[in-house]
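Some notes on the structure that comes next.
Nothing in this text is a laboratory measurement; each read-out follows from the coordinates by a stated rule. Owing to the predicted nature of the structure, the values given are computational and were not obtained by experimental measurement. Cβ placement follows ideal geometry from the backbone for every residue including glycine, while neighbour counts extend to all protein chains displayed.
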Amino acid sequence: MRLLALVVLLLALVLLPAMPVSAATPRTTLPDVEDEVMCTQCGTALNISEAPSADRERAFIRAQIEKGRTKEEIKAALAEEYGPRVLAVPSRGGFDRAAFLVPALLGLLALGGVAFAAMRWRRMRDDDPYPTGPELDRADSRRLDEELKAFKG
Amino acid sequence: MGKGPAAVVVVLAAALVGLLSYGVAQRGEDRSIDAAVAGGERIAPPSAEQKLGLLGSPERTRSLADFRGKVVVLNFWASWCKPCVDELPLLQRTQERLATQNAMVLGVNLRDVSSDALGFVRRFKLTYPSLRDPDAELARAYGTVGYPETFVIDREGRIAAKRRGPVTQAWLDETLPELLAERA
């Protein structure tokens, strides 16, 4: 009996990795693709579009899902039918370059602003050190020392 | 804030506003064809040399320039656009009339799934070709904003008439005879 259990266990260990990957791969869903592609008619993300062409686009995606295609395969098929603009990523040419450049410039500007504010704050702190009270005269200083001694003693 | 950093912020804000204005201007509607045609002028069509795949045979490409010498009724359409589909039978009848007069209908199918478009080609037994303009690049060059839109190209390859919206038999009858009578 123990031998049989061992054989079953060994067989399971050998066969499990050989199972088809598709069994472990989650099936592509419409919402998963919809938010990464555009409605080509209205220029908005497909998941918020109600245009007639958007319905056809969704039908196309559903048909691709039925065929067992992955998200990337479906996006490639969409790009083949509708051109690269269907993918919800800006192109790397023309005015669309601004989509990459503006956030980078704003990031640099924000960094510069933080650095400038930090330097300014530090300079202000150096110019205006921790404030001290008025100098004690000799008599007051002696009395303070005596009182401190008495307090410690 | 000192004068230096304030100036940098002002310059950057101005640059951003400029960039946005440029983007809006670039994506605005181009109505130069309308203005020219309304003034009785005939102008060269945009992107006439641009090669596009044929609907149903994407490996075979054609440009509008390939049809020079013919009167071409250039119709932008999509299968999801009901008015576009409604006018397909009229365009097919027009094609049958034009075929013997060195003229033709040329469809430009845009933003469409090719199998959907081919379904209508079969359903209405369309005999004229359609070019595929997947992301409407050619349509944008013509300033199209809604569909269908139709342009008539004369034998010299110039835009002679345009119809933004569905064509009618009356419009075709009014527009085509004069152009068909012209010699290349």
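If you plug the beta carbon distance of A:ALA98 and A:ARG125 into 1/(1 + (r/R0)^6) with R0 = 41 Å, you get a FRET efficiency near 0.55. Remark: relative contact order (segment B:34-184) = 30 percent; criterion is Cα-Cα distance under 8 angstrom and separation of 6 or more residues. Seen against the Cα atoms of chain B and their longest principal axis, helix B:88-98 is set at about 60 degrees. Residues whose amide H falls under 5 Å from that of B:SER130, counting only those 5 or more places apart or on a different chain, are B:LEU55, B:GLY107, with hydrogens built in the peptide plane. Sorting B:VAL108, B:VAL145 by the number of Cβ atoms found within 10 Å of their own Cβ, with the fewest placed first, yields B:VAL145, B:VAL108. Treating r as the C-beta distance of B:GLN169 and B:ILE43 and R0 as 25 Å, the FRET efficiency rounds to 0.45.
What is segment A:19-89's relative contact order, in percent, from Cα pairs under 8 angstrom and six or more apart in sequence? So the answer I get is 35 percent.
Relative to the longest principal axis of the Cα atoms of chain B, the long axis of helix B:169-181 lies at roughly 80 degrees. For B:THR100 and B:GLU59, the difference between the fully extended length at 0.36 nm per residue and the C-alpha to C-alpha distance is 12.0 nm.
Round to the nearest 10 and give me the degree value, 0 to 90, for the angle of helix B:114-123's Cα axis relative to the longest principal axis of chain B. With rounding to tens, the tilt is 30 degrees. Between A:ALA5 and A:GLU72, the modelled labels are 4.3 nm apart [label points 7 Å from Cα along Cα→Cβ]. The H on the amide N of A:ALA88, modeled in the peptide plane, is under 5 Å from the matching H of A:VAL37, A:MET38, each at least 5 residues off or on a different chain.
Residue-wise HN-Hα couplings along segment B:12-19, as the Karplus relation 6.51 cos²θ - 1.76 cosθ + 1.60 with θ = phi - 60° gives them from phi, are 5, 4, 4, 5, 5, 4, x, 4 Hz; Gly and Pro carry x.
The Cα atoms of segment B:34-169 give a gyration tensor whose axes a ≥ b ≥ c have a/c under 1.5, which makes the shape rounded.
Counted without the sites themselves, the longest stretch of chain B free of GluC sites (Glu not before Pro) in a DSSP loop having at most 12 other beta carbon atoms within 10 Å is B:50-181. Here's how it looks for B:GLU149: its modeled amide H is under 5 Å from those of B:PHE76, B:GLY165, which are all 5 or more places away or on a different chain. Straightening the chain between A:ALA88 and A:VAL114 buys 6.1 nm, computed as 0.36 nm per residue apart minus the Cα-Cα spacing.
Neighbour counts of C-beta atoms inside 10 Å place B:LEU110, A:LEU30 in the sequence A:LEU30, B:LEU110, starting with the fewest. Across peptide B:105-115, the average count of Cβ atoms from other chains found within 10 Å of a residue's Cβ is 4.
Projecting the Cα positions of B:THR94, B:ALA35, B:VAL9 onto the charge dipole of segment B:6-107 (unit charges on Cβ atoms of Lys, Arg, Asp and Glu, taken about the Cα centre) puts B:THR94 furthest along the positive direction.
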